[in-house]
Every structure is written in structure tokens, then in C-alpha cells.
1. For segment B:54-114, place one equal point scatterer on every Cα, skip the solvent, and apply the Debye formula. What is log10 of I(q)/I(0) at q = 0.19, 0.28 Å⁻¹?
2. Over segment B:1-102, what lengths in whole Å, largest first, do the semi-axes of the equivalent ellipsoid take, defined as the square roots of 5 times the eigenvalues of the alpha-carbon gyration tensor?
3. Shielding of A:23-34 by partners, i.e. mean partner chain Cβ atoms within 10 Å per residue?
4. Hey, what did chain B get for relative contact order, percent, Cα under 8 Å, at least 6 apart?
5. Give the order of A:48, B:32 when sorted by the count of other beta carbons within 10 angstrom, beginning with the fewest.
6. Considering the Cα trace of segment A:51-90, what is its radius of gyration and what is Dmax, both in angstroms?
7. List the residues of segment B:80-114 whose backbone N lies under 12 Å from a point placed 7 Å from the Cα of residue B:54 along the Cα-to-Cβ direction.
8. Would you please give the FRET efficiency between residue B:26 and residue A:42, computed as 1/(1 + (r/R0)^6) with r the Cβ-Cβ distance and R0 = 22 Å, to the nearest 0.05?
């Protein structure tokens, strides 16, 4: 099983739709979780952290399910500008004071007029 | 404004040539990273450094070299031993020596072979 897995998509959704992505991780020692957005031919940009209790930022909601080892990102009222690839990042303690950071390969979202 | 600056934005390499990609940050971050991204693919870690004068190989270090003589700078050299260097190269940094902090990225360098 890969350390961090995402459905590559593409997810093609109409404007105004609600869409959700999941990201599963295999390391039960994982401690920090993030969602990034990457536009075509651009660098990844931090979208939001994922907290244990779940957190919301406008139309975006991130949740963590430690028991099933996955994080999710929900986008409500999709806009054309939400079209991008969404990457999840998982950070786990790897011993001797070190932490390992692992990126998923990303889920591509296309919002259609 | 604090940030990470990568240069050049576009770079062309001739066969047998070494080229160096620059990465500078003024965020006072200790940890810095280099990734390679091929079209339609995820990020692959080349090298990382958690502190000045120290760095470790990532998953695909062969054909690359780095140095970390200053906290602000983490240049990547793509050597002639790297036979397929065409890719999007991303530099990142994060606070402290990494820990549980997120990474912040520069805007990348696109390298192509002439």
C-alpha cells in the first residue's frame, strides 16, 4: 500500500456543485495534515491545514478521520476558479527527532460552466 | 515581503553540461527541499537540508548535487549524469528543522534540454 493515496480524477463538476476528495494514509504515526492547491504549470500553494476537529475556510471544509486514516476536502458551490489539482500532505514522526513529509500525487478538479 | 525565490524561471541545458538552479529564502527557515515534477505526475524529492552545512538524499538524488553553505540558499546542480533532466523543479522550505510545519514553495524552474 502506498503511503499516501489520492484518486487522480479528473473530477469534472458543474459550477455550483459540491465535490469532495479523499486522501488515505498508511502511517498511523502521522501527525499533521495539509491540503495544497496546484494550478497548471505553477507551484503548489498551501490551501489549509487539517485539524482533528475538522475546520472550515469559506467554501472549503477539511476533515480528519484517524480511525480510518484518511483526510477529506469538501468544496461547496464550486467556482470555475477552483479548477486545479489538489494535493494532500501527511507528516509523520520517523524517529530520532525527524519527521517525514509525504505528498499525494494529487486529484485534478475541473469545474465546468 | 518574505518568500522563496527561484531563478531562472526557464533554463535550457546542452548535452554534457552541468547547470545550477538557484533557491533563496528570506523566511528564516532552517529546512529546505528540492523536488522534481514531471508532466501530470506528483512531486519527487531530490535532496533536503534541515540545517546549514548538512543535507540528505531524497528518493531520486542520482545525477543531482546540492550545497547548503548559508541558511538562505540551497542551490541545486543538475549534472551531466542526469540523463533525463527535463522537468519542473520546485524548491521549498519550512520553519525550524521541519517538524510538523507545512512547506512553502518557490515558483519553480522549468528545465529543458537543447
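1. Debye output, listed in q order: -0.86, -1.43.
2. Equivalent ellipsoid of segment B:1-102: 22, 14, 13 Å, largest first.
3. 1
4. 35 percent
5. With the sparsest Cβ surroundings first, the list reads A:48, B:32.
6. Reported Rg and Dmax, both Å: 11.3, 34.
7. So the set is B:97-98.
8. Computed FRET efficiency for residue B:26 and residue A:42 comes out at 0.60.
Just so you know, all these numbers are worked out from the coordinates, no wet-lab data involved. Since the model is a prediction, treat every value here as computed from it, not as a measurement. Methodologically, a virtual Cβ is constructed for each residue, glycine included, from the backbone with ideal geometry; neighbour enumeration extends over all protein chains shown.
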